[in-house]
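The values are calculated or read from the model by the stated rules, or taken from the named source; none is laboratory data. In this text, all values refer to a predicted model and were calculated from it rather than measured experimentally. As a convention, Cβ positions derive from the backbone with ideal geometry for all residues, glycine included, and neighbour counts pool all protein chains shown.
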Amino acid sequence: MVRAALLPAVGAPLELVEIELPEPGPGRVRVKLAAAGVCHSDLSLSNGVLRAKTPVVLGHEGAGTVVSVGEGVGTVRPGDQVVLNWAPACGHCHLCGIGEPWLCENSYAASTETYAALPDGTGLYPGLGVAAFAEETVVAENALIPLPQGVPLTSAALLGCAVLTGYGAVHNAARVRAGESVLVYGLGGVGLAVLQAARIAGAAPIIAVDVSPEKEELARRHGATDFLVADDGTAKAVRKLTGGQGADHAFECVGRGSTVRAAWSATRRGGRTTVVGIGGKDDLVSFSALELFHFARTIGACVYGNSDPVKDVPVLAEHVRSGALDLEALITDRITLEQIPDAFERMARGRGGRSLVVF
Ligand code: APR
Ligand code: ZN
């Protein structure tokens, strides 16, 4: 039996429960979590903005140590340190075949089947296939990324979502070049990781925008050269900071139609908006056909920062070792499983950076 934070139903409060984990079957691996980050997607899954099968153990940004492996597992052994991957690629679907494993057609399959149970036998679903809000989890072998040397296991949890997503958005999706201007809307764990990635790319200026004025100090620590409180004058203020042009690149890290539109409006003619946040299905974004043509801007979303974790986690580890990527700075609150609701509350009010459950 291990302790887990359970979401019994959409909209219900989290409950701390003991769950029964099976020994790993063929191709599966049992992992003892060292840490798990609290991401806005967990909040969105718990309140119904995103869909999840329940009862579910959420948490998809984790790192830990392999406890035991099932038959046929060849890439990891007990004792190995790993980061959990919430979008594991099957390697044989069309999109994997054309080199876009982050869009794998089978990557969400694990979250639709129960993986553990309550003592009364009720089956539990793993949030995004990972179920990191528990002392231990069982996942498929391809949902594990070996942790490279030199990255502390606890902060490595953040590689599993915020950092892979934020870094990838900048370097894989938008391909920001040195000297280009970058605008980041929304400064939670994901937006702050985008700021650090823009700093690594040599972008300038790096303009951070949030509704919450208290994010300014945090933003500057992560590489922002300028900070703006989001309001109706944001696009104008961004133009002023970019020689009258608008930003070369905007990154939407909130997950709302209104901020997608606001970010897009603050890019220059021909600029690019990369949507990183995940909004609701009824939250629309509108552009007139004429303005689409006139501004000739590009807009597109990325999933997991268009990252291939197998290739990209070693790159991130190199940046951690060199000091260019500061994982510790992203963590503003170290919490227990019981305190996840407080982390959701901080998120809803726009406070702090990442909250990290440390086991
Ligand atoms: N304008 C600007 N900033 C906003 C607005 C707005 N209208 N509304 C909220 N924000 C800010 C919040 O103040 C907060 O700083 O957006 C930030 C969101 O941060 P978190 O809640 O910590 O979210 P995070 O985990 O970083 O995820 C961001 O990416 O992966 C997706 O589902 C996730 O859509 C979410 C997004
Ligand atoms: Zn996430």
>> I want to confirm something. Restricting to segment 46-62 and keeping residues that are within 14 Å of ligand 2 (Cβ to nearest atom) and surrounded by 23 or more Cβ atoms within 10 Å (Cβ to Cβ), which single residue is farthest from the chain's Cα centre (by Cα)?
In response: SER46
>> Going by what's in this entry, would LYS311 be described as at pLDDT below 95, under 20 Å from GLY160 (Cα atoms) and not in a strand (DSSP E or B)?
In response: yes
> For GLY323, all conditions in the list (1) more than 16 Å from ligand 2 (Cβ to nearest atom); (2) over 30 Å from LEU95 (Cβ atoms); (3) in contact with a helix residue (DSSP H, G or I) (Cβ under 9 Å, 6 or more places away or on another chain) hold save one; what is the number of the exception?
Replying inline: (3)
> Among the strands (runs of 3 or more DSSP E) contained in segment 196-300, which hold 1 or more residues that are under 14 Å from VAL182 (Cα atoms), more than 16 Å from ligand 2 (Cβ to nearest atom) and in contact (Cβ under 8 Å) with a residue 60 or more places away in the chain?
Replying inline: 247-252, 267-275
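Residue check: is LEU144 in contact (Cβ under 8 Å) with a residue 24 or more places away in the chain and more than 30 Å from GLY270 (Cβ to Cβ)?
yes
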>> So, in segment 149-191, how many residues would count as being closer than 28 Å to THR65 by Cα, modelled with pLDDT of 95 or more, over 11 Å from the mean Cα position of the chain (by Cα) and part of a loop (DSSP other than H, G, I, E, B)?
In response: 2
>> Condition (residue is surrounded by 23 or more Cβ atoms within 10 Å (Cβ to Cβ), within 16 Å of ligand 2 (Cβ to nearest atom) and either at pLDDT below 95 or not basic (Lys, Arg) (or both)) applied to segment 2-9: is it met by at least one residue?
In response: yes
>> I'd like to verify a number: residues in segment 1-32 that are farther than 12 Å from LEU124 by Cβ, out of contact with any helix residue (DSSP H, G or I) (no Cβ under 8 Å at 6 or more places or on another chain) and assigned to a strand (DSSP E or B), how many?
In response: 3
